[in-house]
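Structure record follows, encoded as structure tokens.
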Amino acid sequence: MSQSREELTLELKKHIVEYLNLLDIKPEDIKNDEPLFGPDLGLDSIDSVEMIVLLDREYGIKINNPTEGRQILIDVNTIVDYILANKK
Amino acid sequence: MEKVFVTGMGVISALGNNIESNLFQLKNAKTGIGKARHFSSKYTESLNFGEVDLSNDALKLRSNLTNEEGLSRTTLLAYIAVEEAIANAQLTEEELHSFDTGFISSSTVGGMSNTDELYADANMKGKPSEYVRSYGGGEHTLQIVKRHGIRGFSTTINTACSSSANAIMLGARLIKSGRLKRVIVGGADSLAKYTVNGFNALMILSDNPCKPFDINRDGLTLGEGAGYLILEGENSCRDKVKLAEVLGYGNANDAFHPSATSDEAFGPRLAMHRALESCALKPSSVDYINAHGTGTPNNDITEQYAFNEVFEKVPPFNSTKSYTGHTLAASGSIEAIFSIFSLQNNELYPSLNCKNPIREFNIQPIAQVTPKDVNHVMSNSFGFGGNCTSLIFSKA
Amino acid sequence: MYITDLKAISPQKTYTDEFLTGSKVDHEGKIYNVIEPDYMELIPKGLLRRMGKAVRMGVGAGLPLVKAHPDLDAIVIGTANGGLEDCIKFLNQIVEYDEGVLTPTNFVQSTPNAMAGQLALMGSNRGYNVTYTNGGLAFEDALLDALLLFEEGAVKKMMLGGIEEISDYNYNIDSLADKYKDEIVKDVDLLESKTSGTVCGEGASIFVVENEAKNGYAQIVDVEQITYPSTEDLDTCLQHLLDRNKLIPEDIDTLMIGYNGDNRHNFWYDHISNNVLPNSNTLSFKNLIGDYRTCTSFAVWLSAHLLSGNTDILPRIRMREVHSKDFSRILIYNHFDGVRHGFTLLSK
């Protein structure tokens, strides 16, 4: 049974909170269009690598390097778009 | 204050098992980087390494340790280099056992090169392995202290890639303080699944042999090895051959990020400035720099930024990691030894694999073996945790 | 070198005043875990989320000091295992994912110099920064480096610390190496135990040390160490320390000693206590915190408080009383597995 975009988005947010160990942040708190590497969430280069691992382990999606990652890992929306386009 | 001299050196790396073979390869601009033959990992097919071309059994045989248990590869490499350094400096048994003789070592991997056994022991799977007491970073230090009957101060440092540079710095300071007359200093690290996978997880390993200072550089190549120097105070080595003087040193923290250098290279700059200030040496007197030069996008540009800031005219520089790979904790001492080769032989060795040098600062690494009157050399080591150290050696 | 500020996270309530005013946490069994503060109050979440226990403790104890003293010239830390928990978590990933795609945070946080690195980062401190990992002497070695820095005139004020965590994994490895007791023993009975093995402790003790006394707690005078000594070597080592400071054994009013209930190694402590310094009062410390490689940092913390006049702690650590002089000089003697031995001298 395929997931709706909404379900996938929430699931992704849960994974983000778990993989990055975001303390005090609930998945629902992350806005879909909030820049991940902006001042509010404050993620950095190590987190971008962790996100690449997340996408590989949870969705089978391979991103080869942080440069490639930067185009995709902008906000939750862009990642969901990428997953839907590439998920195995 | 007493001067500190280098009276002996010992090294084992991808370039060879002793001083002579390492120097030979440098003189012939021949890299030691290639496919690993002894190290076992999923990555040995796809990646290159600066491997010491001896199996653990072969290393044991060299040190007459065939029947001993619990010796990690790190320890085996360290034994060989320490042995060579002691012989090179002609240290007597009396000197070795004196309370005035110390030993300062360093390692990042330590006994963790036995990754599979560590996994089993840490998760209590099966019987304890022979390495159960050998995993710590300081365990190889214990084994060497025991082997050589060292009774003076001994310690182990871990500041990642600058570890053995800090060991050299501490050794010199202890001699100048009068607490020691002589000290064996250096470090050892062996290839391990732990570090291969760690650097791979950070995506800073290159698929190809590293290209320090090249525009197309894309990561580091891991290496292994051990390098040790014998430092002695001027008053304790009057009749000995002096290979170099430890003239100056500087240590600073970049305080920016756990695994990347700041764009303004605060740590590297400060370390170099402090090293020059420590011996009141003018930047223009530095004849050659052995750069940290790992070949990662971040390190090489920030290091050049730092050169440009510290030196009005940047001296010739290379990265010998293009020969040995990044030997982690051992890199400081191995590269100190290579720097001293230049002092002794009045020649500079080229930086390999740099076909398109970084353009931003209009400086290029040494391109071929170059004769030069070399009186002062600087050797840099910058590690995770922002740990930056710069050493200055002079002709004795 | 004078201790002017200090903080400890330990298996006692040392982060607050409670331990110093008489409270004691009882421990039983093989593991003495620390009593931790609420880190969310202390450490920015963005950084806290990545930290393993050793780094949390080091930063939890060190960061308030870094903030209170923005003029530190250096940070030097001793930690034998570093973030071993993170290390093993990464190792488990290596095995479980067969060296595939792995998350890097555990690797970066596992390096022993992560603590000194984090403290520098959070305090924007670009001073001299080194980490010692020399097993049971890692803290003593950090302490010597600090003394050297002051002698050289390189620093006026700096941070010095000793940190060690218990993780399931390092506990497992040390257990396999026969480090710990087989039976359950109460802390009050630990030091009298007639069996082999000790108990596992953890903690972070961090100090601000300066070149002036300034109403501080105590002076750290000197340190000596030796590895694999004979008893004669050990005596010579102590003699060097005394000679360098122009002291005789009678000048040491108090010996703080590392008895840990492991009867295999008591003879070292018996020798120093009965043969070399029989006229010193002796105090224990491991009944409070268990044993770990950098536990002398806690002994220094305790001694600093004793030398600055605290008496509430005494009943819990008194071993032998041969005189009733006030505290003037405390010599800490500790060894780890009878292999690495250290003497640390403090005075008023």
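All of the numbers you see were taken from the coordinates with simple rules; none came from a lab. If you're wondering where the values come from, they're calculated on a predicted model, not measured in any experiment. All Cβ positions, even for glycine, are placed from backbone atoms using ideal geometry, and neighbour counts span all protein chains on display.
Would you look at the GNM of chain B, springs on alpha carbons closer than 10 Å, and say which of B:Glu234, B:Glu130, B:Glu224 moves the most?
B:Glu130
Do you know the relative contact order of region B:4-236, to the nearest whole percent, from alpha carbon pairs under 8 angstrom that are 6+ apart?
About 30 percent, as a whole number.
For chain C, what Kirkwood radius comes out of the mean inverse Cα-Cα distance, in Å?
Details: mean 1/r = 0.0494 Å⁻¹.
Roughly 20.3 Å, rounded to one decimal.
Using the Kirkwood radius over C-alpha pairs as Rh, can you work out the diffusion coefficient of chain A via Stokes-Einstein at 10 °C, viscosity 1.306 mPa s, in µm² per second?
Details: Rh = 13.0 Å.
The calculation lands on 122 µm²/s.
Here are some pairs, B:Lys125/B:Lys321; A:Lys62/B:Lys193; B:Lys321/C:Lys179; which of them have Cα atoms lying more than 32 Å apart in this structure?
Numbers: B:Lys125/B:Lys321 38 Å; A:Lys62/B:Lys193 22 Å; B:Lys321/C:Lys179 41 Å.
As for pairs spanning more than 32 Å Cα to Cα, those are B:Lys125/B:Lys321; B:Lys321/C:Lys179.
Take the alpha carbon atoms of region B:1-65, find their center, do the same for region A:21-73, and report the distance between the two centers in whole angstrom.
40
Just checking the output field for A:49-55: average partner chain Cβ neighbours within 10 Å of each residue's Cβ? Walk me through the intermediate numbers first.
Values: counts 11, 6, 1, 5, 9, 2, 1.
Mean shielding by partner chains, rounded to a whole number: 5.
Relative contact order (percent) for chain C, with alpha-carbon contacts under 8 angstrom and 6 or more residues of separation? Numbers along the way, then the final one.
Details: 772 pairs, mean separation 83.8, N = 348.
Computed value for chain C: 24 percent relative contact order.
Quick one: Cα convex hull volume of region C:1-145, Å³ per residue? Intermediate values should be presented prior to the final figure.
Numbers: hull volume 21.4 nm³, N = 145.
Taking the convex hull of the Cα positions in region C:1-145, it is 147 Å³ per residue.
Could you compute the FRET efficiency for B:Ala280 and B:Met1, with r as their C-beta to C-beta distance and R0 at 22 Å, rounded to 0.05? Mind dumping the intermediate values first?
Details: r = 13 Å, r/R0 = 0.58.
Efficiency at R0 = 22 Å is approximately 0.95.
Mind giving me the FRET efficiency for A:Thr67 and B:Ser55? R0 is 35 Å, r the Cβ-Cβ distance, nearest 0.05 is fine. Let's see the in-between values first.
Numbers: r = 38 Å, r/R0 = 1.09.
So the FRET efficiency works out to roughly 0.35.
Can you pull the three principal axis extents for the Cα set of chain B, in Å, largest first?
For chain B, the Cα extents along the three principal axes come out at 60, 51, 39 Å.
Just counting partner chain Cβ atoms within 10 Å, what average do the residues of peptide B:381-389 show around their Cβ?
Average per residue, whole number: 5.
For region C:157-249, go through all pairs of different Cα atoms, get the mean of 1/r, take its inverse, and jot down that Kirkwood value in Å.
Details: mean 1/r = 0.0577 Å⁻¹.
Answer for region C:157-249: a Kirkwood hydrodynamic radius of 17.3 Å.
Quote the charge dipole size of chain A about the Cα centre in Debye, to the nearest 20; the model charges only the Cβ of Lys and Arg (+1) and of Asp and Glu (-1).
On the way: 10 positive and 18 negative charges, 82 e Å.
Charge dipole, chain A, about its Cα centre: 400 debye, nearest 20.
Report, to two decimal places, the Cα Rg of the protein assembly as shown normalised by 2.2 N^0.38 Å (N = number of residues).
On the way: Rg = 26.0 Å, N = 832, 2.2 N^0.38 = 28.3 Å.
With N residues counted in the protein assembly as shown, Rg over 2.2 N^0.38 Å equals 0.92.
For chain B, set up a Gaussian network in which alpha carbons nearer than 10 Å are linked by springs, and say which option among B:Asp100, B:Asp254, B:Asp239 fluctuates the most.
Fluctuation is largest for B:Asp239.
Given +1 on the Cβ of Lys and Arg, -1 on the Cβ of Asp and Glu, and no further charges, what dipole in debye does chain C carry about its Cα centre, rounded to the nearest 20? Mind showing how you got there, number by number?
Working: 31 positive and 49 negative charges, 152 e Å.
The dipole of chain C has a size of about 740 debye.
What per residue convex hull volume, in Å³, comes out for region B:305-374 when only alpha-carbon positions are used? Mind dumping the intermediate values first?
Values: hull volume 7.3 nm³, N = 70.
Normalising the Cα hull of region B:305-374 by residue number yields 105 Å³.
Could you identify which residue out of B:Leu348, B:Leu61, B:Leu71 has the top mean-square fluctuation in a GNM of chain B using Cα springs shorter than 10 Å?
B:Leu61
Using amide H atoms built 1.01 Å from N in the peptide plane, name the residues 5+ places from C:Ala74, or on other chains, whose amide H lies under 5 Å from its own.
Counting only residues 5 or more places away or on other chains, the set is C:Met159.
Roughly how crowded by other chains is peptide C:77-85, in terms of the mean Cβ count from those chains within 10 Å of each of its Cβ atoms? Please list the in-between numbers first.
Values: counts 0, 1, 2, 5, 4, 4, 0, 4, 1.
Taking all residues of C:77-85 together, the mean is 2.
Pairwise over distinct Cα atoms, reciprocal of the mean inverse distance: report the Kirkwood radius of region B:248-394 in Å, one decimal place. Present the calculation step by step, with values, prior to reporting the outcome.
On the way: mean 1/r = 0.0672 Å⁻¹.
Result for region B:248-394 stands at 14.9 Å.
Counting only DSSP beta bridges with both residues in region B:248-394, tell me the antiparallel percent, nearest 5. Each step should come with its number before you reach the end.
Working: 15 of 20 bridges.
For region B:248-394, the DSSP antiparallel bridge percentage is about 75.
Can you give the relative contact order of chain A as a percent, counting alpha carbon pairs under 8 Å and 6+ residues apart?
Details: 78 pairs, mean separation 27.6, N = 88.
So the answer I get is 31 percent.
Could you rank the peptides A:30-39, A:8-17, B:78-87 by their average count of other C-beta atoms within 10 Å per residue, with the highest value first?
Working: A:30-39: 13.7, A:8-17: 18.6, B:78-87: 23.8.
Packing order, densest peptide first, comes out as B:78-87, A:8-17, A:30-39.
Please report, to two decimal places, log10 I(q)/I(0) for region B:4-236 at q = 0.14, 0.15, 0.17 Å⁻¹ as given by the Debye formula with identical point scatterers on the Cα atoms and no solvent.
Taken in order of the listed q values, log10 I(q)/I(0) reads -0.91, -1.03, -1.26.
How big is Rg to Rh over region C:201-329, alpha-carbon atoms, Rh as the Kirkwood inverse-mean-distance radius?
Working: Rg = 14.8 Å, Rh = 15.8 Å.
Rg/Rh: 0.93.
Taking 25 Å as R0, compute the FRET efficiency from the Cβ-Cβ separation of B:Asn64 and B:Asp116 and round it to 0.05. Walk me through the numbers before you get to the answer.
Working: r = 26 Å, r/R0 = 1.05.
Computed FRET efficiency for B:Asn64 and B:Asp116: 0.45.
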